Amino acid sequence: MLPFENMSNDPENDYFSYGLTEDIIRLLARNRWLSVISRHSTVGFGGRVVDAREVGAQLGVSYVMSGSVRKSRDAVRITAELARAADGKQLWSDKYDLQLENIFDIQEEMARQIAATIEPELSKVEQQLAARKAPESLDAWDCYQRGLWNLWRFTTPGFDQAEAYFRRAIEADPDFARGHGALAYVNVQRSLYDEPRDRPARLETALRQARVSVALDDLDCFCHCALGRALCLTRQNDEALAAIDLSLELNPSFAQGYFAQGFNLLWYGREIEAETLLDRATMLSPRDSHLWSFHHVRSWAHFSLGEYDIAVEFARRATRQPNVPYRAFATLAASLGRLGEKAQAEAVATELLQRKPGYKTDTARQELFFCNDQGFIDRFVAGLRVAGITGG
C-alpha cells in the first residue's frame with residue numbers, strides 16, 4: 001500500500017494522510033489471508049506518479065493501493081484506487097466527499113470504510129484468477145476461492161460445487177483453517193435451504209467444522225464468524241454473541257461479522273440493535289456478495305417491529321440483487337400482505353412460486369426454524385395467506 005498523498009496546501013494534513021494510510025494497513029492486515037506491506041516499505045514511492053507495475057516489480061506484491069487527500073475549508077475529498085501489479089489494470093476506485101470541522105474526527109471511520117470495501121474486492125479478483133486455472137493445477141487456496149465463487153451464487157448447484165471445492169481444499173491442506181471455516185459456512189447456508197430432514201446433520205457438521213477452524217487459527221475473524229452463525233441457527237444465541245463479538249474484535253471492518261451479529265440479535269429480541277448492525281454491514285461493504293441478505297434481514301427486523309412499510313422497502317431492495325434467492329420474495333409477499341396490499345402481494349407470490357414451486361405456509365414455518373418468536377412466524381404466515389399462499 002502506497003502512502004496517501006496530501007493534495008492540500010496545508011502541511012498539517014500530512015499527519016492525516018499518514019494516519020489514514022497506517023489505519024488502512026492495520027485494518028487490512030486483520031484479514032488473515034492478506035499479507036500487507038507496511039507504509040515504511042513504500043515510503044520511497046511517495047511524492048511522485050508511480051506505475052503499479054513498478055511497485056510490483058520492486059516489492060513483489062500482487063496488488064497496489066494508492067490514494068490522496070484534498071482538504072479545503074470545511075470539506076475533504078479522499079480518493080482511493082486499487083490496481084493489479086502484473087499489468088497496472090485498475091480494479092477499483094472511489095472517492096469520498098465529507099464535511100467536517102476537524103479532519104482527524106473521520107480518520108478511523110474512513111479507514112474502516114476503505115478497508116472493508118477493499119477486502120471483498122480483492123477476494124472477487126482472487127476468485128476470478130482461480131476460475132481460470134486448470135482443475136488439476138488447483139492448490140488449497142485456489143479451491144477455497146472457487147468454492148467461495150460458487151457459494152455466493154446462493155443456489156443448490158452452487159452449494160454442491162462449493163462444498164466439493166472446500167473439501168478439496170482441506171484434502172490438499174488439512175491445517176487450512178479457512179477451508180474448514182468455509183465448509184462450516186456452506187453447511188450453515190445449506191441448513192437454510194435444504195430439506196428439513198437434512199438440517200440436523202448440516203448444522204452438526206457446521207458446528208464441528210467451525211470449531212476445527214477456530215482451533216487451527218483462533219485469530220481469523222471469518223472462522224469465528226462461521227462458528228457464531230452455526231451457533232445462532234441452533235438457537236445458542238448467547239454463545240453466538242460471544243463468537244461474533246470476537247470476530248469483530250479481531251477485524252472491526254468485517255462487514256460479514258456485523259451482518260452475522262445483526263442476524264443473531266434479531267432473534268434475540270433486540271431488533272433496534274440488529275438494525276444498526278445491519279446498516280453498518282451495508283455501509284461498510286455496499287457491493288458485498290451478501291448484499292441481498294443484508295437487505296433481507298433488515299426487512300425481517302422491521303417486520304418484527306411491525307413496521308411493515310419499511311419491511312417492504314428493504315425486501316424490495318433484496319429482490320433487486322442479481323443473486324437473490326426466493327426467500328426474499330416470500331418476505332416481500334408477507335410484508336405486503338400485512339399492509340393489506342392484496343394485489344401487490346399476490347403479484348409477488350406469483351414470482352415466489354415461479355422461483356420455488358410448491359412453496360406453502362408450512363414451508364415458511366419450517367424455514368424459520370431459528371426464530372425464537374412464535375408471534376413473528378404467525379404474523380409472517382398470516383401475511384403470506386393474504387398473498388394467496390396456502391398451507392400444507
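Taking the conditions exactly as written (open to solvent by 10 Å² or more (accessible area, probe 1.4 Å), within 23 Å of residue 152 (Cβ to Cβ) and either in a helix (DSSP H, G or I) or among the polar types (S, T, N, Q) (or both)), does residue 222 satisfy them or not?
yes
Return a yes/no flag: does region 248-261 have any residue that is of a type outside the set (Ser, Thr, Tyr), within 28 Å of residue 341 (Cα to Cα) and surrounded by fewer than 24 Cβ atoms within 10 Å (Cβ to Cβ).
The initial filter retains those residues of region 248-261 that are of a type outside the set (Ser, Thr, Tyr), namely 248-252, 254-257, 259-261.
So of that shortlist, the ones also within 28 Å of residue 341 (Cα to Cα) come out as none.
There is no residue in region 248-261 that is of a type outside the set (Ser, Thr, Tyr), within 28 Å of residue 341 (Cα to Cα) and surrounded by fewer than 24 Cβ atoms within 10 Å (Cβ to Cβ).
I'd like to check something: does region 134-148 contain any residue that is open to solvent by 60 Å² or more (accessible area, probe 1.4 Å) and either modelled with pLDDT of 85 or more or among the acidic types (Asp, Glu) (or both)?
Within region 134-148 (the criterion being open to solvent by 60 Å² or more (accessible area, probe 1.4 Å) and either modelled with pLDDT of 85 or more or among the acidic types (Asp, Glu) (or both)), the answer is yes, since at least one residue qualifies.
So is residue 282 out of contact with any helix residue (DSSP H, G or I) (no Cβ under 6 Å at 6 or more places or on another chain) and β-branched (Val, Ile, Thr) or not?
no
Just to verify a result, which residue in region 101-118, among those that are open to solvent by 30 Å² or more (accessible area, probe 1.4 Å) and touching a helix residue (DSSP H, G or I) at 6+ places or on another chain (Cβ under 8 Å), is modelled with the lowest pLDDT?
Only one residue tops the list, namely 104.
Scan region 50-73 for residues that are over 29 Å from the mean Cα position of the chain (by Cα) and under 22 Å from residue 112 (Cβ atoms) and jot them down.
70, 71
Scan region 230-269 residue by residue and report those that are of a type in the set (D, E, K, R) and modelled with pLDDT under 95.
Scanning region 230-269 gives a single hit, 249.
Open to solvent by 50 Å² or more (accessible area, probe 1.4 Å), acidic (Asp, Glu) and in contact (Cβ under 8 Å) with a residue 60 or more places away in the chain - does that describe any residue in region 301-319?
Kept after step one, since they are open to solvent by 50 Å² or more (accessible area, probe 1.4 Å), are these residues of region 301-319: 305, 307, 309-310, 313, 316-317.
Okay, now just the ones that are also acidic (Asp, Glu), so 307, 309, 313.
In the following step, the residues that additionally are in contact (Cβ under 8 Å) with a residue 60 or more places away in the chain were identified as none.
Scanning region 301-319, I find no residue that is open to solvent by 50 Å² or more (accessible area, probe 1.4 Å), acidic (Asp, Glu) and in contact (Cβ under 8 Å) with a residue 60 or more places away in the chain, so the answer is no.
Does residue 243 satisfy the criteria of being buried (at least 24 other Cβ atoms within 10 Å of the Cβ) and in contact with a Ser or Thr (Cβ under 6 Å, 6 or more places away or on another chain)? Let's see the steps before the verdict.
Working: buried (at least 24 other Cβ atoms within 10 Å of the Cβ): yes; in contact with a Ser or Thr (Cβ under 6 Å, 6 or more places away or on another chain): no.
Judged against the criteria, residue 243 is not a match.
Please state which one of 218, 194, 245, 198 is more than 18 Å from residue 180 (Cβ to Cβ) and out of contact with any Lys or Arg (no Cβ under 8 Å at 6 or more places or on another chain).
245
Just checking, how many residues over region 166-194 are more than 23 Å from residue 234 (Cα to Cα) and either under 20 Å from the mean Cα position of the chain (by Cα) or open to solvent by less than 10 Å² (accessible area, probe 1.4 Å) (or both)?
Within region 166-194, residues that are more than 23 Å from residue 234 (Cα to Cα) and either under 20 Å from the mean Cα position of the chain (by Cα) or open to solvent by less than 10 Å² (accessible area, probe 1.4 Å) (or both) number 1.
Do any helices (runs of 4 or more DSSP H) entirely within region 285-383 hold 1 or more residues that are among the acidic types (Asp, Glu), and if so, which?
Passing ranges, in order: 308-319, 342-355, 361-367.
Report yes if some residue within region 269-283 is under 17 Å from residue 221 (Cα atoms), open to solvent by less than 10 Å² (accessible area, probe 1.4 Å) and touching a residue at least 12 places away in the same chain (Cβ under 8 Å); otherwise report no.
yes
Anything in region 323-363 that is closer than 21 Å to residue 194 by Cα, open to solvent by 20 Å² or more (accessible area, probe 1.4 Å) and not hydrophobic (A, V, I, L, M, F, W, C)? List them, or say none.
Once the filter is applied, which keeps residues that are closer than 21 Å to residue 194 by Cα, open to solvent by 20 Å² or more (accessible area, probe 1.4 Å) and not hydrophobic (A, V, I, L, M, F, W, C), region 323-363 yields 323, 326, 351, 354, 355, 356, 357, 358, 360, 362, 363.
The values are calculated or read from the model by the stated rules, or taken from the named source; none is laboratory data. On a predicted model such as this, the values are computed, not experimentally measured, just so you know. We place every Cβ from the backbone using ideal geometry, glycine too, and count neighbours over all the protein chains shown. Quick note on the areas: whole protein, heavy atoms, side chains included, nothing else; ligands and nucleic acids left out. Shrake-Rupley method; radii C 1.70, N 1.55, O 1.52, S 1.80 Å.
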